[in-house]
Structures are given as structure tokens and as C-alpha cells.
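Read the figures in this text as sums done on the coordinates, not as results from a lab. Everything numeric in this text was worked out from a predicted model, so none of it was measured. Cβ placement follows ideal geometry from the backbone for every residue including glycine, while neighbour counts extend to all protein chains displayed.
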Amino acid sequence: MSEPKNILLAEDNPLDIEMTLNALQTNHLVNEVVVVRNGAEALDYLYARGAYAHRVAGDPALVLLDIKMPKVDGLEVLHCMKNDAKLRSIPVVMLTSSREESDLLQSYKLGTNAYVVKPVDFSSFIEAVTQLSIFWTVHNELPPRVAREAE
Amino acid sequence: MFPQAPPIRRKLMVMLLVTCGAVVMVTCLSYFIYEFWTFRRTTVSQLDLLGEVIANNSTAALAFDSADDAQQILAALAADRHIVAGGLYTAQGALFARYPAALAEGMIPAAPDTDGRHFVGGGLAIFQPVMRNGKRLGTLYLRSDLGAMYERLKLFAGTGALVVLASLALAFFVSRALQRQISEPILALAETARAVSDRHDYSVRAVRQSADEIGQLTDAFNHMLGRIQQLNQELEQRVLERTAELRAANQELEAFSYSVSHDLRAPLRHIGGFAVMLEQHAGRSLDDKGRRYVAVIQDSATRMGQLIDDLLTFSRLGRSEMRREPVKLNELVEEIRQSLQAEINGRHITWRVAALPHVSGDAALLRQVFANLLANAVKYTRQRAEARIELGADGRDAGETVIFVRDNGAGFDMKYADKLFGVFQRLHHSDEFEGTGVGLATVRRIVQRHGGRVWAEAKLQEGATFFVALPSATARASSAPSKNS
């Protein structure tokens, strides 16, 4: 529990980013939020490569993924993460506008930990983001780091 | 090849045998009759001739009154075994000599009858005048038993019977061979027709075995089969094309609704979200008017979001797969009533739920139907101190099950009944009764997908009754009525 509990937010829409950050700040969640604008950047961050080659080591405590993003979409990022033994245990929440059944099914098939439809209603939105963050970063216990790296 | 005796073969055989038998019989019979008459005439003329000869020979014996001579002459009759009796009478009519000599008294007439032929008791008799130089000396009597004729006729009948039998036997074997030419192509045709109707295989063809009418029939049959096969293929092809077109249209619609669901909701979320953020950021510096504007922006965004969601749900109704399973309506209604508790809270509603039939349909879709109808009933009775909501099944006739939901709420003017089930059609202002106008459109679409229909009857300020009719081939009665209040 001594590691920095940062959150990776992959979201292409600047307004959604602003709203999400606002929601997290409103509830005084002190985690560092790393914002990436598409799936490719998200993967770069996770693998500490490209622009993120020199970032502080360590996996994020939670990944919030938008589905519809340019270049590499959220489902592809999810697919990569859940097929990589080192990244598999990081909790992933699909945070998306889509209520489409196909997106939902596909996300769970790929192994997402949660799927949240961004509510149009902002107070619900704040609530959802806050709940998610608290659950995955505060209450949820991850497997011990040593064990994860040994996989 | 054929398990049962094919009737057409038997019919042909019987036909041929009867015809052949009749022809042979008629032929034999006419020969028989002809023979009978010919032989009879021959017998008669022979007897006449014999009578003349004997009469001529007897003149002397009669003239000289010599009974012995007469006896001797008559004895010559023995040469013909069919002459059973003979006699000579004097001119005065007294019996002078007889043949055979030992003939009993009763076997020969005591006195001559009129000259000429007489048929008596199965035999032929003649009285022949014995004349000399124009003077009548007496009368000769001869009787034949016609035995020769009967013997010959018997022989002839026997031969005739044999001929008939032989002809029939011959006809049987010949026709058996010949009728194949007719029956076999027909049977082959029938077999092909049966294959077509049993297996719905339009690719089989009957083999043309002759150039006659049956051959033409076979050709016409094959031609028809070919046409049916072609039409079938065209139809299948057309169905495939239409299905592909439909699928493409459906995919477009899918893409459209996906984009609506993603792209339209995003700016809406921002309008609502930033209005809240504005309120948080500058709420204190805004006056009441300013705060109201922000609140209106938020409410409108929320309402727009609700509309989009309802519309998406509605458009998905037409596309989603439908499962058919038995649905217990009473259980369904009970569950919906539980979920409506929040809205009912604090109100007094009298529920009257009759025994509803089990129907077959998609449980999730039917739940939407009744959830909408019950929510409406609850909503539109809001202004009643004593709300009454009633569910029941109407008389089941004309092949459908009718279920009704009746309330004593606001009702509506029947003038607008046709607008009730249209998308976004509302008969009440949203400040009076909230709603998006998708609920009843949803109800109608689901019921129509089940092959049923919906309609409503109402009176303004007195209440409304909504009817759902489902095809009752899939419905059956249940028991256990429930009554709650």
C-alpha cells in the first residue's frame, strides 16, 4: 500500500478529461492521474516506452479506458493488457458513452474488471467516477508485487 | 418395385379380358345359332327326301294290299338310326304297316294327321302322301328324334367353350405383355410425381418411354417440374438478395444508432457537466435568474439524454432476436408491481389482478409491455384520491388472447386514439405528466413482433383501458387468481 496509487486515464475528448479530473478533485481523491489521449499512448505508458520511456517505474493502480479513441481503441488496449502476464492484474474499467450491447459483451469477453456507461447527468457521473476510483485504488487489494513480477 | 398391386394394371387387364371374352362369346353364339338353323333345315329336307323315296317304293305294296312287302320296305329305315318310328296308312286311314315291327301301339298315331311336318316332343314327324298316277293310295308316317342335330350341337357347344377358354388364356398372356406399353409409362410418371410430392425434390424427371399421349404428358410434366424448379431457385435467389439488402440496411441502422449512442451523448454530457461545474465554480456569484438558467440547462440535457436512451431502446426492439418461451403473466405483473413501489409510495391504489393466461413470447419484451402499461396506469391515476387499476383477460375468441389494463385515471379523448401509439406522440403536457412518448410506441412494436395487436378505449377524466391481444395458438389458461389492494 506504500506505492504511489496513480490512475491512468485514456480519453480522447478534452472535455471528458476535464470533467473526470474535476470529479476526482471534487472528491479530494489525491491520486496522480496520468492522462493519455489515445490507445497507442496508453500502451506506451504501460510499457514505459516512446514518450514514456523515462517515466517513474511502477504500474498504475487503475486504468480508465474510453472505448472510442483514435489510432488504437480502448478494446485493443484491453486486449493487449489482458494478454500480457505483467499487466493482466491491473484493474481496468471501461468508461464509455456506449450502452451498446456488443461493446459491453466484447469488453467482458476481453476481461475488463468493470464497465461503466458515462451518465449524461453530471452528478451521476461524478458519483460513478468517484466510486470507481475509491473502490479500485483504496479498497481493492492487488496481488503482491513480487508475485506479479514472477509470473 | 410397387408394394401394392397397381390398380391401373388390373384395370387394363380386366378391360382387355372382358372385351376379348365378349367378342369370342358373341362369335361362338352366332355360329351356334347359324349351325342350329342350317342343320335343322338339312334334317328336315333329308326326312322329306326319305319320305318321298319310301312313299314311292310303297305304292306297289299298298296297291296290291301286301302288308309283308310294306313291312319289308319300312324295315329299310333301320339304315338311319335316328328314325324312331314309321308307319303306312291305307287311303282310308287304317294303319297298314309299322316300323319297327314291334313298335308299341301308343308310339304311332292311330290315324294320319294332315300332310306335312310336325314337331312333336323333341322330334320331327312327317306325313307323306303315297300317290300313283295322281291317285292317293295311302299315307306314310316317319318320325325322327333329331338326335343327330342335338349331338352335333353338343359337340359344337363343347368346342365353343374350349375356344372361349383358349381365347381368354391367349388374351391374358398377350395383354399382359402389351398393356405394359401403356401402364408402365403411367406408373413411372406416377412414381416420379410421388417422389416430387414426398421429398419436394423438383430436380427429378420422369423418363419419356413413348411418343404417344403419355409421352406428351411426361414431357408436359417434366416441363412443369422444370418451371417450378426454376421459380423456386429464383425465389430463393430473391430471398437471398432481399436478406442481404435487409442486412445491409440493418447494419447501417446499427452504425447509426451506435453513433447516436456515442457521439450525440458526448456533447450532451458536456452541456450538463459543465453547467454543474459552472454552478460549482460561480454559483455564489450568480443571482437567482442565473442559477435558474443553469438549472434549466442541466434539466434539458438530462431530458435529452433520456429521450436518446428511450429512442435507442425503441430502435433496438425491432432488431433484437426474439425468443419464445412460456410466460406466466401473473408472475410478471407481480414483479412489475414490486418495481413500481417507489412511484406508488404514499398513494392508495386498489389493484385487481384476475387470473391471467400463460402466453408464449419473449419474457423480457413482454415485461417491457406490461411495465409500460402499469407505469402509465400508475402515472395517470396520480390525481385520483382512490386510484383503481385492474388487470384481466377478455373472452378468448377468434384465435387470440386479450389482456386488458384498466385505470380510472386521466384518460384521453378518443379523437386522438390513433396518435396514442406513435413515437414521440403525447396527449398530455410534460408539465402535467412527464414522459418521452416512447412507452406506448414500444408496447405496440413488441406486441406486433409477437403477431398481436394493441388498442385503447378511454374517456377524458374517467380512465383508460389498454388491450393487448396475442395470438392464442401459443396461449393457454392458467389458474390461481390473485386479488390485492
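For this structure, a couple of remarks:
- For the range B:254-362, the Stokes-Einstein estimate of translational diffusion at 20 °C and a viscosity of 1.002 mPa s comes to 118 µm²/s, using the Kirkwood hydrodynamic radius over alpha-carbon pairs.
- Simple Cβ-charge dipole of the range A:1-120, Lys/Arg +1 and Asp/Glu -1, about Cα centre, in debye nearest 20: 280 debye
- Cα pair distances exceeding 15 angstrom across the range B:48-92, given as percent: 39 percent
- The range B:125-274: C-alpha gyration tensor shape, a/c 1.5 cut-off, then a/b vs b/c: prolate
- Here the convex hull built on the C-alpha positions of the range B:349-427 has a volume of 128 cubic angstrom per residue.
- Rotationally averaged projected area of the range B:1-160 (alpha carbon convex hull; nm²): 13.6 nm²
- Lysines with Cα under 28 Å of B:Lys379, excluding same-chain neighbours fewer than 8 positions away: B:Lys328, B:Lys415, B:Lys419, B:Lys459, B:Lys483
- Computed over the range B:68-179, the percent of Cα pairs more than 17 Å apart is 65.
- Once exposed loop GluC sites (Glu not before Pro) are cut out (DSSP; at most 14 other Cβ, 10 Å), longest piece of chain B: B:1-320
- The range B:1-67, dipole about Cα centre (Lys/Arg Cβ +1, Asp/Glu Cβ -1), debye to the nearest 20: 880 debye
- Longest to shortest principal axis, alpha-carbon extents of the range B:233-292, angstrom: 76, 16, 7
- Simple rule: put +1 on each Lys or Arg Cβ and -1 on each Asp or Glu Cβ in the range B:146-216, find the dipole, and look at B:Gly147, B:Leu178, B:Ala211; the Cα lying farthest toward the positive end is B:Gly147.
- Averaged over peptide B:12-25, the number of partner chain Cβ atoms lying within 10 Å of each residue's Cβ comes to 0.
- Dipole of chain B, positive direction: furthest Cα of B:Ala244, B:Gln461, B:Ile344, with charges on the beta-carbon: B:Ile344
- Convex hull volume per residue in cubic angstrom - Cα atoms of the range B:299-398: 139 Å³
- Computed per residue of chain B from DSSP H runs no shorter than four, each worth -39500 (n - 2.57), the mean residue ellipticity at 222 nm is -18500 deg cm²/dmol.
- Calculated on the Cα set of the range A:1-106, radius of gyration then Dmax: 13.5, 39 Å.
- Against the empirical 2.2 N^0.38 Å (N residues), chain B has a Cα radius of gyration ratio of 2.48.
- Between B:Asp219 and B:Glu35, residue separation times 0.36 nm minus the direct Cα-Cα distance comes to 60.8 nm.
- Positive-end ranking of B:Leu329, B:Leu264, B:Val438 along the dipole of the protein assembly as shown, with charges on Cβ about the Cα centre, is headed by B:Leu329.
- Dipole size of the protein assembly as shown about its Cα centre, with +1 on Lys/Arg Cβ and -1 on Asp/Glu Cβ: approximately 1200 debye, rounded to the nearest 20.
- Orientation-averaged projection of the protein assembly as shown equals 65.1 nm² [convex hull of Cα atoms, one quarter of hull surface area].
- Inter-chain neighbour count for B:271-280: the average number of beta-carbon atoms from partner chains within 10 Å of each residue's beta-carbon is 5.
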